[in-house]
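The values are calculated or read from the model by the stated rules, or taken from the named source; none is laboratory data. This structure is a prediction, so every number in the text was calculated from the model and none was measured. Note that we place each Cβ from the backbone using ideal geometry, even for glycine, and neighbour counts take in every protein chain shown.
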Amino acid sequence: MPWKNTDARYSTVSIALHWLMLVLLAVVYACIEFRGIFPKGSGGRTLITEAHFMLGLTVFVLVWLRLFARSLGVAPKILPTPPDWQMLASTLMHWALYVFMIAMPILGWLITSAKGQQVMFYGVDLPLLIDENRQLAKQFQGWHQLGGTIGYWLIGLHAVAGLYHHYVVRDNTLMRIMPKRG
């Protein structure tokens, strides 16, 4: 499984992590959107909330692997080369997404810690990051919800930009991150 990007494509590891994290983020968002189906205090709601926590923390772990893989070589070239402003916008978008994938799980962990609750991560009870403080938990929760809304926009704009480059500009932006066929 190649770790290094080439001039034409991202590495197999980077491609796999990109699409895996898309699926994980979709499920993390789905957990929060659909938890209202279950009444408060029910087993179903607890299960879906714990899945949200665990998968969010999985994103947190994997984002560091993505950043490591990204550091191994340069990004593949976009052909034809886009204008400088598009390259800057792309760079800013990617870093905003990385900040999002790091900050949101930390905020979630801080919320549960401030509520005095343990977070289980694949069978391991994680330590509380801070002492119980219900007022601080509410503040963190507000930031987490705002971050979730911003995340919808970041992910959506990222997807639209990829499709725009593929179908309108007709450059190789999207193909650099697509899995190989056949």
Tell me, yes or no, whether the range 146-167 has at least one residue that is crowded, with 16+ Cβ neighbours inside 10 Å, within 30 Å of residue 80 (Cβ to Cβ) and in contact with a Phe, Trp or Tyr (Cβ under 7 Å, 6 or more places away or on another chain).
yes
Please find, within the range 91-140, the residue that is surrounded by the fewest Cβ atoms within 10 Å (Cβ to Cβ) out of those that are more than 16 Å from residue 67 (Cα to Cα) and of a type in the set (Gly, Ala, Ser).
123
Would you pick out the residues in the range 13-35 that are of a type outside the set (A, V, I, L, M) and at pLDDT 95 or above?
18, 19, 29, 31
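Does residue 120 fit the bill of being assigned to a helix (DSSP H, G or I) and either hydroxyl-bearing (Ser, Thr, Tyr) or under 25 Å from residue 29 (Cα atoms) (or both)?
No, not satisfied.
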I'm trying to understand the selection: among the residues of the range 151-165, which are over 18 Å from the mean Cα position of the chain (by Cα) and either under 15 Å from residue 10 (Cβ atoms) or of a type in the set (D, E, K, R) (or both)?
165
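Specify which of the listed residues (118, 135, 139) is more than 27 Å from residue 22 (Cβ to Cβ) and touching a Pro at 6+ places or on another chain (Cβ under 9 Å). Talk me through it step by step, then tell me what you get.
Numbers: 135 fails: touching a Pro at 6+ places or on another chain (Cβ under 9 Å); 139 fails: touching a Pro at 6+ places or on another chain (Cβ under 9 Å).
Of the residues listed, the single one that is more than 27 Å from residue 22 (Cβ to Cβ) and touching a Pro at 6+ places or on another chain (Cβ under 9 Å) is 118.
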Return yes when residue 106 is under 15 Å from the mean Cα position of the chain (by Cα), part of a helix (DSSP H, G or I) and modelled with pLDDT under 95 and no when it is not.
no
Cβ-Cβ under 8 Å, sequence separation 6+ or interchain: first residue in the range 120-146 and closer than 17 Å to residue 55 by Cα, partner among the aromatic types (Phe, Trp, Tyr). Which pairs?
120/53; 121/53; 126/109
